[in-house]
């Protein structure tokens, strides 16, 4: 009876630790991994990453016309690291005004961050698989409203890409 109690207690504690204590892989990393695997399996030459700006890459200032950029921790470093990877296309997905987007892109370029498109992806056209006339094709979306929070979501993404690209 004592052995049963000890074994049951150990099993319960292991389950509890695995559920509440041990760090799990963030969902964004799972999504990135899945798309790299899809790229390999399907023979794609690249994957498409879409990034919201406010609340995701930069802190919102909630002032129309104010395009001052304050990056979240690890956002700038991550985007600099992945900007020139030939197997990634980085695109902006934002509701910012056109003049603001132009100012943001200028600053991003000065910071060594390069986005290919804004709110579109003409590299993937509407086909039998999907209609991309109003929603651009993307493999991974970085968006605070979808659960990617600039305050604390960037570090594991930075570590993931650093491990992948800085060998």
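The values are calculated or read from the model by the stated rules, or taken from the named source; none is laboratory data. Predicted model, so just to flag it, every value in this text is computed and none were measured. Note that each Cβ is placed from the backbone with ideal geometry, even for glycine, and that neighbours are counted across all protein chains shown.
Going through segment 57-95 one residue at a time, which ones are without any contact (Cβ under 8 Å) to a residue 24 or more places away in the chain and on the phi > 0 side of the Ramachandran plot?
As a first pass, look at segment 57-95 and keep what is without any contact (Cβ under 8 Å) to a residue 24 or more places away in the chain: 60-63, 66, 68, 70-71, 95.
Correct list: 62 only.
May I ask you to list the residues in segment 42-66 that are assigned to a loop (DSSP other than H, G, I, E, B), within 12 Å of the chain's Cα centre (by Cα) and more than 16 Å from residue 96 (Cβ to Cβ)? Let's see the steps before the verdict.
So the first thing to find is which residues in segment 42-66 are assigned to a loop (DSSP other than H, G, I, E, B), and the list is 43-46, 52-53, 55-57, 59-66.
From the residues that got through so far, the ones that are within 12 Å of the chain's Cα centre (by Cα) too are 52-53, 56-57.
Passing the criteria: none in range.
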Completion exercise
Going through (1) out of contact with any helix residue (DSSP H, G or I) (no Cβ under 9 Å at 6 or more places or on another chain); (2) within 23 Å of residue 29 (Cα to Cα); (3) buried (at least 17 other Cβ atoms within 10 Å of the Cβ); (4) modelled with pLDDT of 95 or more one by one, residue 101 fails only at (2)
Handout entry: Number of the exception - residue 113 against (1) surrounded by fewer than 17 Cβ atoms within 10 Å (Cβ to Cβ); (2) in contact with a helix residue (DSSP H, G or I) (Cβ under 7 Å, 6 or more places away or on another chain); (3) free of Cβ contacts under 8 Å to residues at least 60 places away in the same chain
Key = (1)
Practice task
Please state which one of 124, 98 is in contact (Cβ under 8 Å) with a residue 60 or more places away in the chain, at negative phi and over 19 Å from the mean Cα position of the chain (by Cα).
Solution key: 124
